[in-house]
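Only one structure is covered here, and it is reproduced in the block below.
The values are calculated or read from the model by the stated rules, or taken from the named source; none is laboratory data. Quick caveat: nothing in here was measured; it's all calculated off a predicted structure. As a convention, Cβ positions derive from the backbone with ideal geometry for all residues, glycine included, and neighbour counts pool all protein chains shown.
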């Protein structure tokens, strides 16, 4: 336990020092502000609260950016430390390999949480005040977005460890991380779309598609945020397949949580076989 | 007292490559042992076995009676890899504190080891401002923290200037005086500057020598080189008298076995005014090392190293 805390604290310290946190929160903030400022113009006199609209746009942004930031944070965790010789030192000390991974995970999730909350938090407040102080309940939407983005990020941090522990070169781990991102965030949805178009009888759309949608942690994240907004105010059918989903509401977030647990377990198993 | 490292007939095979074959090596408490060998001779493999990162394919190793890699064994051993790059953004003190916590060492230990390696002034500067020598001392500091019973140092002095190297060995000597065993690897004997109690030489995964330096020198029995500078015009008669080879028009060089040294020297002194100067060179540490690590090739040249010019 002592080792876990030490490793987590050091990861956070390094994240703060090497400007990782600043950089990623600035990126999130920049994109978020663009959405806030552009989004409010055509909004005009719509009944829906402006902040809620912003949260809807930000959750789409999150699906792309947060997994990317998470993977960039984690791909170096094992392969890079072996390269630099520091993992050998850690493993030579009386700390279990499981604790090493959990410590890194907690540290990286904290780094990501700080980045997401400062980036989205500032953007949320800007939207809130720029539109003449909307309903306070809309701010809860921002909080929900930050929390669910952190959970999504945690999932991809854990998946990044699998990539990092299974290869020896940092470069290979980086390539693997980008491939994971491309597949989970971009290609997966395209494949599903293709499936919907190809299946004429609607069986795929009814029985397979909803499961596949929830199966992907990034899509599950999007579904959760859209359904939460649906319930709140917007009223439009942003959630899309909402009615036919196997999981609904907060339960959709079980998908990224389960992925996190599986990925952490798997990367621990792989790390135990690593011979530095 | 139990040996800190006890390796018995250890073999390590990586697929088709035999990295270590039948290596038996003991390290007693407080003893300093230098492990020598070319690149790829198996030094780092032996270290990884002692750390428990890999398991031997033959034989056995125990660390103070514990299995390598077990928690108990890891509390005994401290390691400094050949290449280590600490996080650039952390300060020296933060790096040492990190490893101190992992090892469960007392917080005041951090200051003590920084003091010992003379990094106190630089302790609160970032590691990326450190020179190579300072980084190496930082590496030693993290290894020293927590009072280990065995220091495992993989080529700790490669790339250090002679002064830092000397300082490094002084530190290690101080540590071993307090009862900590030291097993360090190095490329050559000359780099060690005869500072360790015992020398073990690995050649292609086999232990070819293991003993105190003086013993190895006797065992190698390399010839001694004697160079005689003759007085003007006398080089011909000196050469005729003592043999060997003329290396220029003023000097004669010959090699002899240890046992013959005094006989030949007295013969030279008998030449009186014909001789201007005599230079006697014992085999260097590098030559002794080369003898063991290249055994066979060197044997051909034995007895007349560079004397056949």
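So here's what we get for this one:
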| item | result |
| --- | --- |
| Region A:1-14, subset modelled with pLDDT under 90 and facing another protein chain (nearest Cβ under 9 Å), residue nearest to residue B:89 (Cα to Cα) | A:3 |
| Output for region B:180-203, where each listed residue is out of contact with any strand residue (DSSP E or B) (no Cβ under 8 Å at 6 or more places or on another chain) and either under 24 Å from residue B:22 (Cα atoms) or assigned to a strand (DSSP E or B) (or both) | B:203 |
| Search result, residues across region B:94-113 that are surrounded by fewer than 20 Cβ atoms within 10 Å (Cβ to Cβ) and either closer than 20 Å to residue A:92 by Cβ or facing chain A (nearest Cβ under 10 Å) (or both) | B:104, B:106, B:109 |
| Failed item, numbered, when residue B:211 is tested on (1) crowded, with 18+ Cβ neighbours inside 10 Å; (2) in contact with a helix residue (DSSP H, G or I) (Cβ under 8 Å, 6 or more places away or on another chain) | (1) |
| Region A:59-91: number of residues that are surrounded by 23 or more Cβ atoms within 10 Å (Cβ to Cβ) and free of Cβ contacts under 8 Å to residues at least 40 places away in the same chain | 1 |
| Complete set of residues in region B:44-72 that are more than 22 Å from the chain's Cα centre (by Cα), more than 10 Å from chain A (Cβ to nearest Cβ) and closer than 30 Å to residue B:131 by Cβ | none |
| Residue in region A:48-64 that is assigned to a loop (DSSP other than H, G, I, E, B), modelled with pLDDT under 90 and either over 12 Å from the mean Cα position of the chain (by Cα) or closer than 27 Å to residue A:125 by Cα (or both) present | yes |
| Within region B:73-93, considering residues that are assigned to a helix (DSSP H, G or I) and more than 7 Å from every other protein chain (Cβ to nearest Cβ), the one nearest to residue B:180 (Cα to Cα) | B:76 |
| Test: residue in region B:58-71 that is in a loop (DSSP other than H, G, I, E, B) and closer than 26 Å to residue B:208 by Cβ | yes |
| Residue satisfying condition, being at pLDDT 85 or above and under 29 Å from residue B:163 (Cα atoms), within set B:189, B:202, B:213 | B:202 |
| Residue list for region B:123-145, filter: out of contact with any helix residue (DSSP H, G or I) (no Cβ under 6 Å at 6 or more places or on another chain) and crowded, with 21+ Cβ neighbours inside 10 Å | B:136, B:137, B:139, B:140, B:143 |
| Residues satisfying the stated conditions in region B:214-260, i.e. touching a residue at least 12 places away in the same chain (Cβ under 8 Å), part of a helix (DSSP H, G or I) and farther than 19 Å from residue B:285 by Cα | B:235, B:237, B:238, B:239, B:241, B:242 |
| Unmet criterion (only one of (1) within 13 Å of chain A (Cβ to nearest Cβ); (2) in a loop (DSSP other than H, G, I, E, B); (3) crowded, with 18+ Cβ neighbours inside 10 Å) for residue B:41 | (1) |
